[in-house]
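Visitor: Here you go, one structure.
The values are calculated or read from the model by the stated rules, or taken from the named source; none is laboratory data. On a predicted model such as this, the values are computed, not experimentally measured, just so you know. Note that we place each Cβ from the backbone using ideal geometry, even for glycine, and neighbour counts take in every protein chain shown. When the accessible area is computed, the model is the full protein with side chains, heavy atoms only, and any ligands, DNA or RNA have been set aside. Shrake-Rupley method; radii C 1.70, N 1.55, O 1.52, S 1.80 Å.
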Amino acid sequence: MEEKRFDLENRLIDFSLKIDEIVERLPNTKLGNHIGNQLIRCGTAPALNYGEAQSAESVSDFIHKLKIILKELRESRICLKIIQQKPLLETAELTETIQENNELIAIFLKSVDTAKKREILNKR
């Protein structure tokens, strides 16, 4: 179980670093700067919030922190799509990062669902 947490933690850190690489290459335009500033915050937040989730005080707190991670990942996905559709950058790495983002969203959706089921079982 510990290895799974470590792998997901590393995946989130790697995602944060990919986001940084993308932001650093954005053009110095109003849109590039605005999206870059937003993306650096929401794209690095999941890794940081994951650390908080590991220290959750209750199952409800854990679920809440996972939902925050999902919100940040969804916001990141929209920023990445804006970058792609404008296009502010044209790279295969952008497509790969969007794919990783989608996979992380799927993982956390399943995690929230599983945690909610456990919470219900614990209340019985």
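Visitor: Could you please give the count of residues in region 77-124 that are surrounded by 14 or more Cβ atoms within 10 Å (Cβ to Cβ) and hydroxyl-bearing (S, T, Y)?
Guide: Looking only at that region, the number is 3.
Visitor: Which one of K71, K4 is open to solvent by 30 Å² or more (accessible area, probe 1.4 Å), of a type outside the set (F, W, Y), closer than 16 Å to A106 by Cα and modelled with pLDDT of 95 or more?
Guide: Testing whether each residue is open to solvent by 30 Å² or more (accessible area, probe 1.4 Å), of a type outside the set (F, W, Y), closer than 16 Å to A106 by Cα and modelled with pLDDT of 95 or more leaves just K71.
Visitor: Give region 89-105 a look and list any residue that's of a type in the set (A, V, I, L, M) and under 17 Å from C42 (Cα atoms), or say none.
Guide: L94, I98, L104, I105
Visitor: Can you tell me which of I82, I35, I68 is closer than 30 Å to E119 by Cβ, assigned to a helix (DSSP H, G or I) and free of Cβ contacts under 8 Å to residues at least 60 places away in the same chain?
Guide: Among I82, I35, I68, only I68 is closer than 30 Å to E119 by Cβ, assigned to a helix (DSSP H, G or I) and free of Cβ contacts under 8 Å to residues at least 60 places away in the same chain.
Visitor: Working only within region 14-68, note down all residues that are of a type in the set (V, I, T) and open to solvent by 70 Å² or more (accessible area, probe 1.4 Å).
Guide: Listed by number, the list is empty, since nothing qualifies.
Visitor: Select, from A45, A56, the only residue that is without any contact (Cβ under 8 Å) to a residue 40 or more places away in the chain, among the small types (G, A, S) and in a helix (DSSP H, G or I).
Guide: A45
Visitor: Here's something else I'd like to know. Give the residue that is farthest from the chain's Cα centre (by Cα), with candidates limited to residues of region 85-101 that are polar (S, T, N, Q) and in a helix (DSSP H, G or I).
Guide: In this case the residue turns out to be Q85.
Visitor: Is it fair to say G51 is part of a helix (DSSP H, G or I) and either more than 28 Å from K123 (Cα to Cα) or more than 15 Å from the chain's Cα centre (by Cα) (or both)?
Guide: no
Visitor: Confirm whether I63 is in contact (Cβ under 8 Å) with a residue 24 or more places away in the chain and touching a Cys at 6+ places or on another chain (Cβ under 6 Å).
Guide: no
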